[in-house]
Amino acid sequence: PLAQPERVQQTDLASTLAIGLGLPISRNSVGNLILPVVGGKTMREQLRFVHLNGFQLSRLLQENTPAYEKDPGYEHFKIAEKSHGNWIKLYLEGNNSEILLNLGKKVLKQYLEALKTLSSSLSKQVAQYDMYSMMVGTVIIMEVLILLLLSVPKALSKRAEFEVPLSPPLFSLLFYLMCLMLCAVHVIVCTSAESLCYFCSMSWLTAVGVMMLISALMCGILSAIAKIFENYRLPPKNPVASSYNWSEIDVLILAGTIGHVLSLGASSFIEEEHQTWYFLINTLCLVLCQELCRNNFLLKECDPQHSTNVKQIFDSIGESSECKNIDIPAASNSKLGKSPSSSEFIKGSDKWISLATPWIILICCRLLRSLNQTGVQWAHRPDFGHWLTSSEHKAELSFLAAVSLLMIFFLVQRRCSLVSKIAMALGLLGVYSYRAAIGNVTFPWQHGGKDISKGITEARFVYVFVLGIVFTGTKDLLKSQVISADSSTKSTGLWEVYSGLVLLAALLFRPHNLPVLVFCLLIQTMMTKYIWIPLKFDAAQITIMHYWFGQAFFYFQ
């Protein structure tokens, strides 16, 4: 037709499709029947269709509105329903005159008006937001965000300090004035609010606590700003130390973090978020490689002092395995110039391992990417994980799981106490027993799947060892804090808590994903020894790199 087509609401499609296909209209649908679609039907069928639609909307209104009987749409629907009853009486009497047709058109018009009013009333309820509660939540979030932004310079410094000045503001006059003002606003809003408000329905004690939190955060922000201005006025104690030069690593970390946050604004980037993390860790490895090459080769020619510092760092790493030549100065010993000692060979090999570390990490990550296909576009494609989990390759999966658990033990146990080492070994054996019990893997002496169970006993066995290791580590931590400030005891305690969590992860990982945990521990060990310590990265840089790799390893699963 040449005429302009009529515009309809998108919500009307659900009701129209349901009626057209002879199905019930969705319970929470707020749409109207598009009448021209059923225009070819008889008057009786058209009235039946609009009555079904009106009945569904009136039921929805009853469920969502306490005073539904006073709603204009509901009143119109009841009037139309009575008229419809009169029309049916005439129809059953066999009256086929023009009076019946005109009455039918009148009833249809009444139904359509009722449907329009009901739909409009329900749509308003759906779009009615609790603005006061949302504003309170937004204010708290914005205050926390501003406090974080003000604390970022200190948090990203070498010492990674994070200080929120809350104690002085809590005793200030401004804090109490703000509390009184916000409580007064709360009373005014809640007494004058027409619709139901979540924040107003909370107890007064909770509401006052929220007002105190908002006031404390605001006073904290003002205090932090005042402190920043105060520090700017004072001359720096050490101008050389206060100046901070941004390296390529810092720029990459900042750009990558901001880029990832911005990418979450697009649904396509969220669906394929793993690609973002794979790209970021690959780029990070290449930048780390460049940084290592510069420190080992380029700066050696340009800056002799810097090359000496780098050499001292690698020397300190070599000292852990060879301690005989610590006190012998390299320049005074003429024999060292003629033939390299075993100590120099170890230090030299450390340098080459350090240079190779980023490339080894890249290879590991590429292997892990082929283990599981993820995302939306390629999730259906076969991968190595599907091959391993198929029933024909249970022997290969069993071998891989056993090797992975052995590797986990060797990577984690080195800094644990003897008791924790034994508990770790038994716990990992329990992990394999659990997987064998539920039929994922098999023992060499096991034949068939007759002994398959839920594995509850084996899992509880592992949980006991997890709790034991974590308890031992916590005890060492408390001992180092309370009894004696011993750094080695504290370090052992932290490592044991960490190893307990690794054992828990080994239990929760699917058996074909255990290599992901192995590579995670291996990469962390290599980066700590050959990248982070030699290049002297600060706490903030190491934390963000941990986060990036953690996100990538999540998607490797």
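Derivation of every value follows stated rules applied to the coordinates shown; laboratory data play no part. All figures in this text were calculated on a predicted structure; none of them were measured in a lab. Here Cβ is always computed from backbone atoms with ideal geometry, including for glycine, and neighbour counts include all displayed protein chains.
Over 28 Å between Cα atoms: which of 70/116; 475/536; 421/479; 82/116 fall into that group?
Numbers: 70/116 16 Å; 475/536 31 Å; 421/479 20 Å; 82/116 18 Å.
475/536, as the Cα separations exceed 28 Å there.
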Requested in this report: Take the Cα of residue 264, step 7 Å along the line toward its Cβ, and report every residue of the range 115-147 whose backbone nitrogen sits under 12 Å from that point.
Outcome: none
Requested in this report: Express the relative contact order of the range 10-127 as a whole percentage, based on alpha carbon pairs under 8 Å and six or more residues apart in sequence.
Outcome: 29
Requested in this report: Provide, for q = 0.12, 0.13 Å⁻¹, the log10 of I(q)/I(0) from a solvent-free Debye sum over equal Cα point scatterers in the range 1-80.
Outcome: -0.38, -0.45
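Compute the FRET efficiency between residue 498 and residue 3 as 1/(1 + (r/R0)^6), taking r as their Cβ-Cβ distance and R0 = 56 Å, and round to the nearest 0.05.
Values: r = 73 Å, r/R0 = 1.30.
Computed FRET efficiency for residue 498 and residue 3: 0.15.
Rounded to the nearest angstrom and ordered from largest down, what semi-axes does the equivalent ellipsoid of the range 371-457 get from its C-alpha gyration tensor (root of 5λ)? Please report the intermediate quantities before stating the final value.
Values: eigenvalues 147, 78, 25 Å².
Largest first, the range 371-457 gives 27, 20, 11 Å.
Based on the Cα atoms of the range 446-557, what semi-axes does the equivalent ellipsoid have, where each is the square root of 5 times one gyration tensor eigenvalue, given in whole Å with the largest first? Let's see the in-between values first.
On the way: eigenvalues 191, 108, 19 Å².
Semi-axes from the Cα gyration tensor: 31, 23, 10 Å.
So what is the relative contact order for the range 409-557, in percent, with contacts set as C-alpha pairs under 8 Å and at least six apart? List each step's numbers first, then the result.
Values: 133 pairs, mean separation 35.0, N = 149.
In percent, rounded to a whole number, it is 23.
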**Report entry** Separation between Cα centres of the range 421-440 and the range 34-57, rounded to whole Å
**Finding:** 65
Query raised in the report: Based on the Kirkwood radius over alpha-carbon pairs, what is the Stokes-Einstein translational diffusion coefficient of the range 362-403 at 25 °C with 0.890 mPa s viscosity, in µm²/s?
Result: 216
Query raised in the report: Based on the Kirkwood radius over alpha-carbon pairs, what is the Stokes-Einstein translational diffusion coefficient of the range 85-149 at 20 °C with 1.002 mPa s viscosity, in µm²/s?
Result: 130
